[in-house]
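The values are calculated or read from the model by the stated rules, or taken from the named source; none is laboratory data. Keep in mind it's a predicted model, so treat the numbers as computed, not measured. Neighbour counts are summed over all protein chains in view; Cβ atoms, including those assigned to glycine, are modelled from backbone coordinates with ideal geometry. Accessible surface areas use protein heavy atoms only, side chains included; no ligands, DNA or RNA. Shrake-Rupley method; radii C 1.70, N 1.55, O 1.52, S 1.80 Å.
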Amino acid sequence: MNWLNHSTPMIVDPRSVDLEDRTYLIPCYSNLSALTKSIQRIGILNSPLVQQLADGRMIPVAGRRRLQSTVALGLDHIHVRLLPEAVPIAEGFALAFWDNAAHRVFDIACTAVVIRRVFELFPRDVAARDFLPILGIALKGPRLERLRAIGGLESSLLEAFSHGRIHEKTAALLCEMEAETRLGLLDLTEKLRLNANKKAEIISWLFDLSVLEATPISELLAREEAKSIIFECDGTVPERAERFRELIRSWKFPELIARENEFRDWVRGQSLLEKMSVQPTTSFEDPGCVIEIRTDSTDEAERIVSAVKQHARPNQ
Amino acid sequence: MKFPIEQVWVDDEVRDEPLTREILRKLPAARILGKNEIEDQCRAMEMDRDPFNRGKRTLRLTKNKGAFVKPCPGTPEYICCGLEILNIGQGCPMDCRYCALQVYFNRPILEVFVNTGDLFSDLERHLINDPRGVHRICTGEFTDSLALDPLTGLAGKLAEFFSRSTNASLEIKTKTDFVDPLLEVDPHGRVVIAFSVNSREITRKDEIRAAPVAKRLAAAARAEKRGYRIAFHFDPIIPVPGWEEAYSSVINEIFTTVDPSSISWISMGVLRFVPALKEIAAARFGRIPYFHDGFIRGLDGKSRLHVDRRINIYKYMIDKIRRRAREARIYLCMESPHVWRECLGISMDSDDDLTSYLDSAILPYTYGL
Ligand code: SF4
């Protein structure tokens with residue numbers, strides 16, 4: 001049935017609509033300002049769709065952002081269409097979905113929320129037939145499950161995901177943590193102004209350490225060395241961020257970091273020329289090194305090569 | 001039969017193979033499916049949240065249309081041992097939580113190649129056409145060599161074949177104790193039964209449906225008595241807390257059970273894995289702490305522990321083994337010349353070096369016989 005045909009026009013105070021209600025939520029994490037400006041200029045072309053529940057509460061079905069904008073503009077009345085209370089939630093959600101799908105591209109965070117809700121409301125075959133193709137997600141494979149889990153994250157995390165401040169893999173790992181822990185981690189890594197790649201490293205290392213040592217992340221972060229960086233007032237944010245990253249890295253890869261420090265000290269002791277550098281093999285897999293010498297000319301390179309040859313001969 | 005097989009998918013072209021009939025006779029309770037039903041089952045399996053669970057109870061009887069003998073897919077970054085793989089099928093009814101096969105097969109059913117006539121002629125052709133040195137051939141690369149043997153009875157036939165071969169030896173690699181049918185064959189030292197072993201804790205928690213270590217060792221003792229050469233693979237070594245005592249105790253048990261002179265080789269490999277395995281295993285079994293250790297990307301793209309840590313682990317294990325068997329032929333699986341030198345004091349600079357090192361273990365039983 002097309003329930004839209006059974007909706008009735010009415011005028012409501014937008015502040016009386018419960019905009020926090022998530023029954024039909026299809027989120028959008030972009031800024032409201034353009035829409036607000038547009039409403040200010042030309043008003044609302046398509047009336048939002050709302051539903052009145054048995055307890056008298058009015059909730060948004062489609063057009064939540066239009067309602068949010070009118071609230072932001074301080075309007076006290078708005079034309080809406082009222083959906084009968086009898087409309088099943090699944091059908092109301094389908095209405096909201098198709099209304100959104102018609103005029104916007106879902107970003108990945110929105111897709112995750114929609115997938116989660118679709119699987120709550122519809123059988124798997126209906127989800128596969130009616131929704132996933134529009135969302136561009138394959139019905140099988142780990143990605144579907146990952147997005148489904150991500151769809152249940154708190155809105156601040158979903159917003160960070162939507163804006164590319166955390167990667168999909170990071171979001172998936174955060175799903176395995178307690179809400180307090182993941183929100184704390186987002187807060188911490190954002191305060192340290194880490195980009196998505198660095199957040200991914202730090203969060204995955206902390207997660208690994210927590211699983212390996214069977215220790216909550218909060219306890220790892222409560223260690224003195226970590227606390228002193230997190231709560232320190234000295235030093236710039238990028239410096240503290242780098243020290244924090246190095247600290248967690250040293251917990252995760254102690255042998256590698258010990259070797260790096262040893263190697264750095266050794267290189268320092270060599271008093272290399274400015275144009276020279278010595279690099280170890282990847283992760284010190286073997287004791288070899290690569291020496292790099294920059295030259296200003298092929299003549300200079302030739303002189304260096306012949307000197308190296310002279311030097312290497314006795315050992316051959 | 002130890003492992004439950006609920007469905008048997010029979011490809012049309014192998015319906016009349018003798019081994020097909022033999023296997024179906026041994027599985028009277030299983031549902032036998034033909035072409036159309038198989039396609040439906042494939043689709044259902046793809047939708048399954050854990051296709052492995054279902055796949056490990058599904059046996060497909062099929063034909064190997066390619067070569068049966070292939071070189072082991074080593075990696076150029078590390079030293080490989082020159083083993084050749086005799087492909088008898090793929091998939092495994094056991095379910096080790098660390099098993100690499102979880103990444104490689106997207107339709108994770110058990111497959112047995114029932115065209116064994118082709119297998120033996122291919123094998124014969126291979127050994128005649130390539131008479132270089134000796135061939136070390138193994139059946140347990142994409143499956144466990146003996147897990148499905150109670151159904152196929154192939155291992156005994158292969159043992160018989162190799163017992164007559166003068167330029168090849170067969171390595172049967174297993175985590176089962178299904179050696180008894182093999183005891184009817186005198187292998188003339190040309191068949192090595194290799195047991196993958198691990199610490200008791202890992203075996204109990206991680207090697208689901210595999211035989212306990214004690215049973216594997218008892219099987220090793222029976223096989224040794226019948227004249228089989230024995231080998232042990234400590235792979236993967238997983239350094240969870242307390243690993244030193246745990247592995248020491250298994251090493252001691254080995255040498256209490258089997259005479260060192262019967263052991264052809266002992267291999268070792270610290271846990272390494274393609275990065276995807278960590279998440280696949282987590283999705284199937286929940287988070288497994290050891291996958292979250294300090295793994296870094298190795299030269300071959302696999303996740304490996306830092307080289308210093310691997311060296312320490314190998315040195316410890318080697319010391320324990322050498323105390324019980326001074327002359328044991330120990331080799332490292334997929335390690336660099338540097339690790340070889342550090343751990344065993346051996347210059348193992350190329351695949352050829354390692355090939356000769358291992359070939360020397362079987363030479364006395366082939367040409368030398
Ligand atoms: S026995 Fe070998 S092949 Fe079978 S599940 Fe275990 S590791 Fe994988």
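Of note:
- Residues satisfying the stated conditions in segment B:155-164, i.e. open to solvent by 10 Å² or more (accessible area, probe 1.4 Å) and in contact (Cβ under 8 Å) with a residue 40 or more places away in the chain: B:K157, B:F161
- Complete set of residues in segment B:86-108 that are aliphatic (A, V, I, L, M) and within 13 Å of the ligand (Cβ to nearest atom): B:I88, B:M94, B:A100, B:L101, B:V103
- Within segment A:272-315, being open to solvent by less than 80 Å² (accessible area, probe 1.4 Å) and within 14 Å of chain B (Cβ to nearest Cβ) holds for A:P280, A:T281, A:S283, A:F284, A:E285, A:D286, A:G288, A:C289.
- Here the condition is being within 13 Å of another protein chain (Cβ to nearest Cβ) and under 33 Å from the mean Cα position of the chain (by Cα); of A:F231, A:F263, A:F253, it holds for A:F253 alone.
- Across segment B:327-345, the number of residues qualifying as hydroxyl-bearing (S, T, Y) and within 14 Å of chain A (Cβ to nearest Cβ) comes to 1.
- So A:D125, is it within 14 Å of another protein chain (Cβ to nearest Cβ), farther than 27 Å from A:A214 by Cβ and of a type in the set (D, E): yes
Let's see how each residue does on (1) open to solvent by 10 Å² or more (accessible area, probe 1.4 Å); (2) touching a Phe, Trp or Tyr at 6+ places or on another chain (Cβ under 8 Å):
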| position | (1), (2) |
| --- | --- |
| A:D76 | yes, no |
| A:E85 | yes, no |
| A:V118 | no, yes |
| A:D130 | yes, yes |
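- In the condition set (1) at pLDDT 95 or above; (2) under 20 Å from the mean Cα position of the chain (by Cα), B:E84 is compliant with all but (1).
- Number of residues in segment B:350-369 that are open to solvent by 30 Å² or more (accessible area, probe 1.4 Å) and not in a loop (DSSP other than H, G, I, E, B) equals 9.
- Residue in segment B:231-277 that is most open to solvent (accessible area, probe 1.4 Å), counting only those that are polar (S, T, N, Q) and touching a residue at least 40 places away in the same chain (Cβ under 8 Å): B:N252
- Listed by first and then second residue, the pairs linking a residue in segment B:293-310 that is at the interface with chain A (Cβ under 8 Å from one of its Cβ atoms) to a residue that is open to solvent by 30 Å² or more (accessible area, probe 1.4 Å) and part of a helix (DSSP H, G or I), with Cβ atoms under 6 Å apart and 6 or more places separating them unless they lie on different chains, are B:D293/A:L212; B:H306/A:E255; B:D308/A:E255; B:R309/A:E255.
- Check on B:K70, of a type in the set (D, E, K, R) and either in contact with a Lys or Arg (Cβ under 6 Å, 6 or more places away or on another chain) or in a strand (DSSP E or B) (or both): yes
- In segment B:32-69, the residues that are more than 14 Å from chain A (Cβ to nearest Cβ), of a type in the set (A, V, I, L, M, F, W, C) and over 30 Å from B:E124 (Cβ atoms): B:I32, B:L33, B:I38
- Residue that is least open to solvent (accessible area, probe 1.4 Å) [pool: residues in segment A:1-21 that are touching a residue at least 12 places away in the same chain (Cβ under 8 Å) and of a type in the set (D, E)]: A:D21
- In segment B:109-129, the residues that are β-branched (V, I, T) and either without any contact (Cβ under 8 Å) to a residue 60 or more places away in the chain or away from the ligand (no atom under 16 Å from the Cβ) (or both): B:V114, B:T116, B:I128
- Among the residues of segment B:130-155, those that are more than 16 Å from the ligand (Cβ to nearest atom) and at pLDDT below 90 comprise B:D130, B:P131, B:R132, B:G133, B:V134.
- Candidate set from segment B:73-95 (those that are assigned to a strand (DSSP E or B) and out of contact with any Ser or Thr (no Cβ under 9 Å at 6 or more places or on another chain)); member that is surrounded by the fewest Cβ atoms within 10 Å (Cβ to Cβ): B:E84
- Looking at B:R287, B:R324, just one residue is farther than 24 Å from B:A168 by Cβ, within 14 Å of chain A (Cβ to nearest Cβ), open to solvent by 20 Å² or more (accessible area, probe 1.4 Å) and more than 23 Å from the chain's Cα centre (by Cα), and that residue is B:R287.
- Conditions (1) over 20 Å from B:E184 (Cα atoms); (2) within 21 Å of the chain's Cα centre (by Cα); (3) not polar (S, T, N, Q); number of the one not met by B:G227: (1)
- Residue check for B:R21: open to solvent by 40 Å² or more (accessible area, probe 1.4 Å), at pLDDT 95 or above and in a helix (DSSP H, G or I): yes
- The residue that is nearest to the ligand (Cβ to nearest atom), counting only those in segment B:172-218 that are open to solvent by less than 30 Å² (accessible area, probe 1.4 Å) and in a helix (DSSP H, G or I), is B:D206.
- Filtering segment A:211-230 to residues that are at pLDDT below 95 and among the hydroxyl-bearing types (S, T, Y) leaves only A:S228.
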